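Student: Structure below; questions to follow.
The values are calculated or read from the model by the stated rules, or taken from the named source; none is laboratory data. Because the structure is a prediction, the values reported are computed rather than measured. Here the Cβ is made from the backbone with ideal geometry for all residues, glycine too, and neighbour counts use every protein chain on show. Just the protein is used for accessible areas: all its heavy atoms, side chains included, with ligands, DNA and RNA removed. Shrake-Rupley method; radii C 1.70, N 1.55, O 1.52, S 1.80 Å.
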Amino acid sequence: MKKWPIYAASASLALLLAACTESAEPTEGTEEASDMTLQEVFEKSIEASNDISSLKSTMNIDQTMTISGEDMTFDTTSSSDVEMTADPLAMYQVTTTSMSGEGAEEAMLPETEMESYITQDGFFMYDPASEQWMKLPKEMSDQFLQMSEQQSDPAAQIEALEPFMDDFSFEQNDSSYILTLNASGEKFSEFLIDQAGEMMPEMGMGMSVEELFETTTFEDVKYEIVISKDDYLMESLVLDMTMNMDMEGETMSIKQHLESEYTEYNTVDEITVPQEVLDSAVEMEM
């Protein structure tokens, strides 16, 4: 009887190894099935992603934030078009955001569009209210670039999820591999907090990410990653997540649905700040 835990552990390990060494389950209608294993797809995808010199991405986020005790609900929708180069690291981004909410009408903003450049020349953002280009401090440039790179870089997404390879389901159709991960529960809490920290390096709330997320729980977290069979590059990422935060006796619940698509790998030209922006931008101070 004492040997049973050892046998159970060995059986569990065998199941995990088998999951990584089995080929993807064909979806209905698949005619050209591949025998590539999940581990092989991960390895090839990471290898292909490390050779990316540039890309374009579109990201759509629908978010609902509810604050208990205040009868307030905020709905935020944003859509971003991003061009990024790796060497030198630079980005051009246009983001459209709209907000609405029951019980919070006075706090709502009309639809806004933010255009920005981040290059070796600095971080430039167009302020639609003043109809003026602004040059932000270098600290903000570094933070924003880190956050945007984390959200827009498929290599970073793949590598961050590699430790949970055993937890993915693995399917395929004729053109793509489909990887799905249900990431709710204690096992994934530290990973999700780390991801939030990389995406939001400075919260601007007088507290660290660790302090802010000390009383945070994550629910209904699901990743779906689609990887091309041709070149092993990520085609899309879908993330669903509910985050509950206890703050001074109240609970703030954030439900988010994110969809990203990645296209035009290694075809984006050098990103430069237009001369008129350089000439007219007003420098901001922290």
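Student: Just to be sure I understand the model, the point goes 7 Å from the Cα along the line to the Cβ. What's the resulting Glu186 to Thr272 distance in nm?
Tutor: A separation of 5.7 nm, rounded to one decimal place.
Student: Here's a follow-up. Local charge sum around Ile178 (other residues, Cβ-Cβ under 13 Å, Lys/Arg +1, Asp/Glu -1)?
Tutor: Net charge around Ile178: -4.
Student: Describe numerically, in nm with one decimal, the distance between label points set 7 Å from Cα along Cα→Cβ at Asp51 and at Glu219.
Tutor: Those two pseudo-labels are separated by 4.5 nm.
Student: Determine how large the accessible area of Met247 is when every protein chain is in place; take a 1.4 Å probe and give Å² rounded to the nearest 10.
Tutor: 60 Å²
Student: Now, a different point. Please list 3J(HN,Hα) in residue order for region 48-60, calculated via the Karplus relation 6.51 cos²θ - 1.76 cosθ + 1.60 where θ = phi - 60°; whole Hz, with x for glycine and proline.
Tutor: Once rounded to whole Hz, the list reads 5, 5, 5, 9, 6, 9, 6, 6, 10, 9, 10, 9, 10.
Student: Calculate the FRET efficiency for Met134 and Thr27 from the Cβ-Cβ distance with a Förster distance of 51 Å, rounded to the nearest 0.05.
Tutor: Details: r = 48 Å, r/R0 = 0.94.
Once rounded, the FRET efficiency stands at 0.60.
Student: At a probe radius of 1.4 Å, what is the per-residue accessible area of Asp71, in Å² to the nearest 10?
Tutor: We get 130 Å² for Asp71.
Student: Provide the three semi-axes, in whole Å and in decreasing order, of the ellipsoid equivalent to region 231-283 as defined by the square roots of 5 times the Cα gyration tensor eigenvalues.
Tutor: 36, 26, 6
Student: For Val277, what accessible surface area do you get with a 1.4 Å probe? Give it in Å², rounded to 10.
Tutor: 10 Å²
Student: Just for the Cα atoms in region 28-67, what are the lengths along the principal axes, largest first, rounded to whole Å?
Tutor: 48, 35, 19
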